[in-house]
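**Q** One structure coming up, written as structure tokens, with questions to follow.
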Amino acid sequence: MTHYTEDELILYHYGEAPRRDRIEEHLQACAPCATAYRDIARTLALVGDLEVPERDERYGLEMWQRIRHDLPPQDVPWFTGLMAWHRFALAGAAAMLLLASFVAGLYWPRPGAASQDAQQASNLNDLRGELHQMREMLTLSLMQQQSATERLRGVSGSAQIDQPGNQIVGALLDTLMHDSNVNVRLACIDALRRFSGQDQVRRGTIQALGESSFPLVQIALIDYMVETKDKGAADALRRLSEDSMVNEAVRGRAVWGLQQLQL
Amino acid sequence: MTAQEVPAILTRARQGDSDAFRLLVESHSRTAFRLAFRMTGNEQDAEDVVQESLLKAYRHLGRFETRADFGTWLYRIVANCAVDMIRSRQARRKHIWADPVEPSESTHASEQPGPERLAESSEVKRRVADALGGLSPLERAAFALRHYEGRSIEEICRTLNLGTSAAKQAVFRAVKKLRVELEELRTS
């Protein structure tokens, strides 16, 4: 008589052994296999089931409250890049512009050495201007994307633009006020630091401090106000420190902010 | 959240809409906790696993196909996070000199005075918890999925990304180790 192995009996216990009927018959006729099987079954009965601590219906919401401010940027799958036609269009346009400038430089009439230098300098300036515009367009386009990761790239990309125009600063302020993603808003605060001297940025950040409901963003804005020594934020900071509906940590930070600004 | 609404919610969540993701968190957290607890056997570890899994799911939502079932996808993430948690817990214990194995609150009865049977039951639970604690992370995970969750070997393979033979062997080794560890209890 061929006996069943321990592995086969474990599978049988969990209902995963092939030819179950045969094993059943065998267990009735074979004492050693029946003993081995009883032993396995007793062990697994001892292990039994774990009493899982109860979690009520509010648990999902509690879990959300715990993670909502820690949501990481989403990974972008590789094929998204292929589908982002606008990036390719902009890159293509920039490449065409470079090529056209190069070809134009080769065939440009050369009346004299001095005027040739002036012409080259002028062409170079035009080219720089075009590239600057392209970069701004790309940044603005990224900031309007649906993916938070793309928007984050747009906001970070703004730091690479020398002397960005009002459009970029406006887009950063708009994103700071309305973006659904906390990380994007936080990146905006960092990006706006170099424009902290501008009136529209001062007004915009103070308004964002009053309107934001994300504690992390509120705290980052308070730190920003202290860092830029913006005494115009006094009212907004006082309102926050006195509002009982505001997160306790934010209220505490607002008090700290007022002290730092000696208001 | 109805079944008809799920695809639209998933699409929004994939686009970074945190409100849409909140709905998914609210509807799947309890199931995730149950699995995490059964795999780790510890309430605090299970909480950490759920939290870590949800953050991981959010980060990788772009890889998730909206036609697939989000619950199944999340289940796999939770199971694998639980394996990592057990692994790191065991590594921590190895590195702490003379660190006694702390019985988990959930698996150990309180020391309230009670009938003899209660005390016996408490002792059994402690011994079972210790025996489970002696399994390797993979054995523990495969065993929990098979024994507590009632998952087939094929489902265990898919969940833990294992071959059929590896999944079976992990369950077999787990049961064999438990038989040895619990022999005294079984015969008493």
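**Q** Cβ-Cβ distance below 6 Å, separation of 6 or more or different chains: which pairs start in the range A:244-261 with a residue that is basic (Lys, Arg) and end on one that is surrounded by 12 or more Cβ atoms within 10 Å (Cβ to Cβ)?
**A** A:Arg251/A:Ser241; A:Arg253/A:Ile219; A:Arg253/A:Ile222
**Q** Failed condition for A:Leu186, given (1) under 25 Å from B:Tyr58 (Cβ atoms); (2) open to solvent by 50 Å² or more (accessible area, probe 1.4 Å), with all others met?
**A** Tallying (1) under 25 Å from B:Tyr58 (Cβ atoms); (2) open to solvent by 50 Å² or more (accessible area, probe 1.4 Å), A:Leu186 fails exactly one: (2).
**Q** Just a yes or no: is a residue in the range B:142-153 part of a helix (DSSP H, G or I), more than 10 Å from chain A (Cβ to nearest Cβ) and either surrounded by fewer than 18 Cβ atoms within 10 Å (Cβ to Cβ) or basic (Lys, Arg) (or both)?
**A** no
**Q** When only residues in the range A:45-61 that are more than 30 Å from B:Glu183 (Cα to Cα) and assigned to a loop (DSSP other than H, G, I, E, B) count, which is nearest to the chain's Cα centre (by Cα)?
**A** A:Arg58
**Q** Also: For residues in the range A:158-170 being under 20 Å from the mean Cα position of the chain (by Cα) and open to solvent by 20 Å² or more (accessible area, probe 1.4 Å), which is modelled with the highest pLDDT?
**A** So, considering only residues that are under 20 Å from the mean Cα position of the chain (by Cα) and open to solvent by 20 Å² or more (accessible area, probe 1.4 Å), the one modelled with the highest pLDDT is A:Ala159.
**Q** Only one of (1) modelled with pLDDT of 75 or more; (2) in a helix (DSSP H, G or I) is not met by A:Asp75, so which one is it?
**A** Against the list (1) modelled with pLDDT of 75 or more; (2) in a helix (DSSP H, G or I), A:Asp75 comes up short only on (2).
**Q** Output the residues belonging to the range B:59-71 that are touching a residue at least 40 places away in the same chain (Cβ under 8 Å) and under 22 Å from the mean Cα position of the chain (by Cα).
**A** Residues satisfying the conditions are B:Leu61, B:Phe64, B:Phe70, B:Gly71.
**Q** Right, another one. State which residue pairs qualify: first residue surrounded by 19 or more Cβ atoms within 10 Å (Cβ to Cβ) and inside the range A:128-150, second residue at pLDDT below 75 in any location, beta carbons under 6 Å apart, and separation of 6 or more residues or different chains.
**A** Pairs that qualify, where the first residue is surrounded by 19 or more Cβ atoms within 10 Å (Cβ to Cβ) and the partner is at pLDDT below 75, are A:Leu138/A:Leu90; A:Thr149/A:Val76.
**Q** Just wondering, is there one or more residues in the range B:170-177 that are touching a residue at least 40 places away in the same chain (Cβ under 8 Å), part of a helix (DSSP H, G or I), open to solvent by less than 50 Å² (accessible area, probe 1.4 Å) and more than 11 Å from every other protein chain (Cβ to nearest Cβ)?
**A** No, the conditions are met nowhere in the range B:170-177.
**Q** Just need a number here: residues in the range B:37-56 that are in contact (Cβ under 8 Å) with a residue 24 or more places away in the chain, over 10 Å from the mean Cα position of the chain (by Cα) and either buried (at least 17 other Cβ atoms within 10 Å of the Cβ) or closer than 22 Å to A:Leu50 by Cα (or both).
**A** 5
**Q** Among the numbered conditions (1) more than 9 Å from chain A (Cβ to nearest Cβ); (2) of a type outside the set (Lys, Arg); (3) open to solvent by less than 20 Å² (accessible area, probe 1.4 Å), tell me where B:Ala166 comes up short.
**A** The failed condition is (3).
**Q** So A:Leu209 clears everything in (1) more than 24 Å from the chain's Cα centre (by Cα); (2) surrounded by 19 or more Cβ atoms within 10 Å (Cβ to Cβ); (3) closer than 26 Å to A:Asp70 by Cα except one condition, right? Which one?
**A** Only one criterion is unmet by A:Leu209, namely (1).
**Q** So how many residues does the range A:27-77 have that are polar (S, T, N, Q) and surrounded by fewer than 16 Cβ atoms within 10 Å (Cβ to Cβ)?
**A** 3
**Q** Against the definition (outside any helix (DSSP H, G or I), modelled with pLDDT of 75 or more and of a type outside the set (Asp, Glu)), how does A:Gln65 come out, yes or no?
**A** no
**Q** Can I ask one more? Kindly indicate which of B:Arg127, B:Arg93 is under 25 Å from B:Val175 (Cα atoms), open to solvent by 40 Å² or more (accessible area, probe 1.4 Å) and modelled with pLDDT of 85 or more.
**A** Sole residue among the options that is under 25 Å from B:Val175 (Cα atoms), open to solvent by 40 Å² or more (accessible area, probe 1.4 Å) and modelled with pLDDT of 85 or more: B:Arg127.
**Q** Also, I was wondering about something else. For A:Asp199, only one of the following conditions fails: (1) in contact with a Ser or Thr (Cβ under 9 Å, 6 or more places away or on another chain); (2) closer than 25 Å to A:Glu136 by Cα; (3) open to solvent by 10 Å² or more (accessible area, probe 1.4 Å). What is its number?
**A** Checking A:Asp199 against (1) in contact with a Ser or Thr (Cβ under 9 Å, 6 or more places away or on another chain); (2) closer than 25 Å to A:Glu136 by Cα; (3) open to solvent by 10 Å² or more (accessible area, probe 1.4 Å), the one that fails is (1).
**Q** In this structure, is B:Asp84 of a type in the set (D, E, K, R), more than 10 Å from chain A (Cβ to nearest Cβ) and crowded, with 18+ Cβ neighbours inside 10 Å?
**A** no
**Q** Restrict the check to the range A:226-245 and report whether at least one residue is among the charged types (D, E, K, R), under 28 Å from B:Arg59 (Cβ atoms) and open to solvent by 50 Å² or more (accessible area, probe 1.4 Å).
**A** no
Residues checked against (1) touching a residue at least 60 places away in the same chain (Cβ under 8 Å); (2) over 29 Å from B:Leu23 (Cβ atoms):
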{"site": "A:Glu24", "(1), (2)": "no, yes"}
{"site": "A:Gln28", "(1), (2)": "no, yes"}
{"site": "A:Cys33", "(1), (2)": "no, yes"}
{"site": "A:Ala36", "(1), (2)": "no, yes"}
{"site": "A:Asp39", "(1), (2)": "no, yes"}
{"site": "A:Arg42", "(1), (2)": "no, yes"}
{"site": "A:Leu46", "(1), (2)": "no, yes"}
{"site": "A:Leu61", "(1), (2)": "no, no"}
{"site": "A:Leu71", "(1), (2)": "yes, no"}
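**Q** Could we say that A:Gly15 is within 54 Å of the chain's Cα centre (by Cα), at pLDDT below 90 and within 13 Å of B:His147 (Cα to Cα) here?
**A** No, not satisfied.
**Q** Sticking with this structure for a sec: Report yes if some residue within the range A:191-199 is part of a helix (DSSP H, G or I), of a type in the set (Lys, Arg), modelled with pLDDT under 90 and under 23 Å from A:Ile67 (Cα atoms); otherwise report no.
**A** No, every residue in the range A:191-199 fails to be part of a helix (DSSP H, G or I), of a type in the set (Lys, Arg), modelled with pLDDT under 90 and under 23 Å from A:Ile67 (Cα atoms).
The values are calculated or read from the model by the stated rules, or taken from the named source; none is laboratory data. For clarity, every value in this text was computed on a predicted model and none was experimentally measured. Ideal geometry is used to build each Cβ from the backbone, glycine not excepted, and the neighbour counts take in all protein chains shown. Surface accessibility is based on the protein's heavy atoms, side chains included, excluding ligands, DNA and RNA. Shrake-Rupley method; radii C 1.70, N 1.55, O 1.52, S 1.80 Å.
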